[in-house]
Structure formats: structure tokens, C-alpha cells
1. Would you confirm, using the coordinates I've provided, whether Val158 is over 19 Å from Thr38 (Cα atoms), open to solvent by 70 Å² or more (accessible area, probe 1.4 Å) and in a helix (DSSP H, G or I)?
2. Could you give every pair whose Cβ atoms fall below 8 Å, whose first residue belongs to the stretch 53-77 and is closer than 20 Å to Glu110 by Cα, and whose second residue is at pLDDT below 70 and surrounded by fewer than 19 Cβ atoms within 10 Å (Cβ to Cβ), counting only separations of at least 6 or pairs across chains?
3. Among the residues in the stretch 8-30, are any modelled with pLDDT of 95 or more and of a type in the set (Phe, Trp, Tyr)?
Amino acid sequence: MAEQRTPRAWGVWNLPNALTMVRIALVPVFLVLLLQDTTASRWWAVVVFVAASVTDQLDGHIARARDIVTPFGILMDPIADKALTLGAFVALSVLGEVPWWVTILIAVRELGITALRAALVRRSIMPASMGGKVKTVLQMLAIVLLVVPWAAFTAAAVPHAVALVVLYAALAVTVVTGVDYCVRGWRLARQPAAS
């Protein structure tokens, strides 16, 4: 059984990697739809964003269940995630729906922690913490709530207020988990490198 998994585990062409590539391909589609800023295009943007988010959960589940872990997947999966969420926040800031300081703070945290994890990869892989997973869920929920064209079928004030509460909750968890990763990274950096 283990012998059958070995070639698949290190081949680039497998289902989890294909889903990651689909997610990357969906990012510009989502951004074009969102920036058109019409009721119809926003609904389609929601559909594309949710589809891309589902591929994120699905590729990780399949990779773990089938023990398909590849260097491509390790590198590209977080890049695909960051491209999707940061692209969404930048577009929402361009549209005036998310303050730029929020987007910049989230971007600095996301890119900084990604760089930190890459720099420490020779010492140890820092797995995503539970707080990091909560952060991702809150960010994606905030994006969906902000992209949905609420004014098309209800008074937009209440759902927009809910979206902002979720957004600032996501921001708080983003900052707290960023500090946690920095502390963990500092501890790892103090340990002697594996020979």
C-alpha cells in the first residue's frame, strides 16, 4: 500500500495540485467580476469566491487523506490562498468598502508570516495553528458578506454592519495570530539548525 502511494506523493500532477491551480486561475476571474461592481457581477463574484474557497478545503482534505504531499503543493497552496484573500481585500478597498489601513495591515501580516515560514523551513515547518484556521474562516466570511449585493433585495445597512463586525473580528485574529507566529518563529530561530 505504501509503495503505491510513493510515486503519487511526489508527482506534480495529482488532484490536490490541480485544485490549487484551479483556485489560482479563479482569482483574476473573481477580481474582474467584483471590480465591475454591478449586482449581477457581484453575485457571480460570490459564486466564484465560494468555489475557490471550497477548492482550498478540498485539496487539503484530499492531500491529507491520500498522503499526497508535494513540494509544489506546499509552495503553491498558501500562495493561492493569499492571492485570493488579499486580492479580494485590495479590490474591496479600491471600491471604498474596506479601509485601506485594514487591507495593508492584513497584507503585511499575511506576507510577513509567509516569508517567516519560508525562512525557517530548513529548521522546522510551522504548521497552521487553530487560530490561523479561525482567521482564514473569518476573513473568507467577511469577504463574502462584503461582496454580496445586499441592496438588491433588502436594506443594506444591517448586513453591512454585520459584515464589518466580522471583518474587524478577522482583523483582530489576524494580528493576534501574526504575533503568535512571530513568537514561535523567534523560538525556532534560536534553536540550532538541523544538520
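1. Details: over 19 Å from Thr38 (Cα atoms): yes; open to solvent by 70 Å² or more (accessible area, probe 1.4 Å): yes; in a helix (DSSP H, G or I): yes.
Against the criterion (over 19 Å from Thr38 (Cα atoms), open to solvent by 70 Å² or more (accessible area, probe 1.4 Å) and in a helix (DSSP H, G or I)), Val158 qualifies.
2. Phe72/Val12; Asp77/Gly60
3. Yes, because at least one residue in the stretch 8-30 is modelled with pLDDT of 95 or more and of a type in the set (Phe, Trp, Tyr).
Listed here are the residues, each with its yes/no results for (1) closer than 23 Å to Ala52 by Cβ; (2) of a type in the set (Ser, Thr, Tyr); (3) open to solvent by less than 30 Å² (accessible area, probe 1.4 Å); (4) modelled with pLDDT under 90.
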| position | (1), (2), (3), (4) |
| --- | --- |
| Leu116 | no, no, no, yes |
| Arg123 | no, no, no, yes |
| Thr136 | yes, yes, no, yes |
| Leu141 | yes, no, no, no |
| Pro149 | yes, no, yes, no |
| Ala152 | yes, no, no, yes |
| Ala189 | no, no, no, yes |
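The values are calculated or read from the model by the stated rules, or taken from the named source; none is laboratory data. Just so it is clear, the structure is predicted and the values come from calculations on it, not from any experiment. Heads up, the Cβs are rebuilt from the backbone with ideal geometry, glycines too, and the neighbour counts pull from every protein chain shown. Surface accessibility is based on the protein's heavy atoms, side chains included, excluding ligands, DNA and RNA. Shrake-Rupley method; radii C 1.70, N 1.55, O 1.52, S 1.80 Å.
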